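Below you'll find the structure, written out as structure tokens, and then a few comments.
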Amino acid sequence: MTITKRLSPNRNKGRQGQIPDFIVCHQTGGSFTSAINTILNPKNQVSYHFVVAQDGTIIQAVNIQDTAWANGTTNNNDNRDNMHSTIPEIRARRRNANQFTVSIGFADTTIGELSPPQLSSAIDLIRHIRKEVQSLFGLEIPLSNIIGHHQVTPITRPNCPGSRFPFAEIITQLQEKELPQVISSQPASSQGVSTPSSWAREAWEWAIAQDLTDGTNPQGAPTREQMVTLLHRYHKSIA
């Protein structure tokens with residue numbers, strides 16, 4: 001994956017103490033060229049951290065540690081007020097959502113349908129963003145926090161990034177790429193870790209509810225005895 005930097009003047013330095021824990025997907029509403037021209041023009045007062053073209057080209061316009069101007073929310077009881085967000089965490093924060101989001105604009109789409117190269121770049125880019133946020137801020141962005149602009153400001157942007165935006169496919173492919181890495185790279189020091197990784201949380205909670213595991217040491221490597229016992233318990237639960 002190649003990312004070319006063309007920094008926009010439309011940004012704030014830093015994030016006012018906030019950590020970016022949401023990745024917000026947008027449609028730019030025009031061509032790749034027009035999107036770049038728009039976010040590089042200081043008169044427009046808008047920017048994304050990244051823009052992805054139909055051919056998969058990626059431009060970075062704002063550094064991840066800085067604030068882009070794409071998801072602006074208010075506390076003024078207007079149409080962009082946080083209280084309208086469909087995300088409880090955003091409603092509760094009562095601060096400008098730009099401060100805790102990373103924005104990606106997808107060009108040449110009006111209903112969210114991505115070309116194959118664009119989709120491939122989206123997956124690689126989101127993996128890159130999550131790694132960068134982990135490195136810069138010490139936080140792993142949950143896959144459930146990959147959202148659309150319509151979830152931040154549903155009144156003013158009800159159709160962004162579009163009804164056909166492939167959220168499910170992106171998240172599935174991210175999970176498939178992450179799972180082998182997590183399994184193959186578990187260090188011995190992971191023994192005793194008390195919480196599962198974000199990609200395994202839902203399955204782990206299900207297994208506890210089904211009485212398949214006691215919920216301890218989720219990142220520890222299982223023995224053959226433990227694996228056979230788990231399978232045996234599952235077999236009895238469905239028999």
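The values are calculated or read from the model by the stated rules, or taken from the named source; none is laboratory data. Computed from a predicted structure; not experimentally measured. Every residue, glycine among them, receives a Cβ derived from its backbone with ideal geometry; neighbour counts consider all protein chains shown. Keep in mind that these areas ignore ligands, DNA and RNA; they rest on the heavy atoms of the full protein, side chains included. Shrake-Rupley method; radii C 1.70, N 1.55, O 1.52, S 1.80 Å.
Counting helices only, and only those DSSP H runs with n ≥ 4, report the 222 nm mean residue ellipticity of the chain as the sum of -39,500 (n - 2.57) divided by its residues, in deg cm²/dmol to the nearest 500.
Helices in the chain give a 222 nm mean residue ellipticity of -10500 deg cm²/dmol.
Can you tell which of Ser135, Ser47, Ser121 shows the greatest fluctuation in a Gaussian network model of the chain with Cα springs below 10 Å?
Most flexible of the set in this elastic network: Ser135.
For helix 167-184, report the angle its Cα long axis makes with the longest principal axis of the Cα atoms of the chain; keep it between 0 and 90° and round to the nearest 10°.
50
With +1 assigned to the C-beta of every Lys and Arg and -1 to the C-beta of every Asp and Glu, and no other charges, what is the dipole magnitude of the chain about the Cα centre in debye, to the nearest 20?
660
For the chain, what relative contact order do you get, as a whole percent, if you take Cα pairs closer than 8 Å and at least 6 residues apart?
21
Using a 1.4 angstrom probe, figure out how much accessible area the chain has per residue, in square angstrom, rounded to the nearest whole.
I get 53 Å² per residue for this part.
Going by a ≥ b ≥ c, the root eigenvalues of the Cα gyration tensor, does the range 10-65 fall in the rounded group (a/c under 1.5), the prolate group (a/b larger than b/c) or the oblate group?
Because a/c hits 1.5 or more and a/b fails to exceed b/c, the range 10-65 counts as oblate.
Hey, in the GNM for the chain with a 10 angstrom Cα cutoff, which one of Asn159, Asn76, Asn145 fluctuates hardest?
Top of the fluctuation ranking is Asn76.
Carbon and sulfur atoms: what percent of the 1.4 Å accessible area of the chain do they account for?
Roughly 50 percent, rounded to a whole number.
With springs connecting C-alpha atoms under 10 Å apart, model the chain as a Gaussian network and identify which of Gln60, Gln45, Gln210 has the largest mean-square fluctuation.
Highest fluctuation of the listed residues: Gln210.
Which of rounded, prolate or oblate describes the chain when judged by the alpha-carbon gyration tensor and an a/c cut-off of 1.5?
Prolate is the answer for the chain, as a/c is 1.5 or above and a/b outweighs b/c.
Got a sec? Charge dipole of the chain, +1 on Cβ for Lys and Arg, -1 for Asp and Glu; which of Gln45, His128, Thr153 is way out at the positive end?
Looking along the dipole axis, the top candidate is Gln45.
Return the aspartates and glutamates within reach of Lys131: Cα separation strictly under 19 angstrom, same-chain partners fewer than 8 residues apart disregarded; answer none if there are no such residues.
Output for Lys131: Asp21, Asp66, Glu140, Glu176, Glu178.
Please label the shape of the range 73-173 as rounded, prolate or oblate, based on the square roots a ≥ b ≥ c of the eigenvalues of the alpha-carbon gyration tensor (a/c under 1.5 means rounded; beyond that, a/b larger than b/c means prolate, else oblate).
oblate
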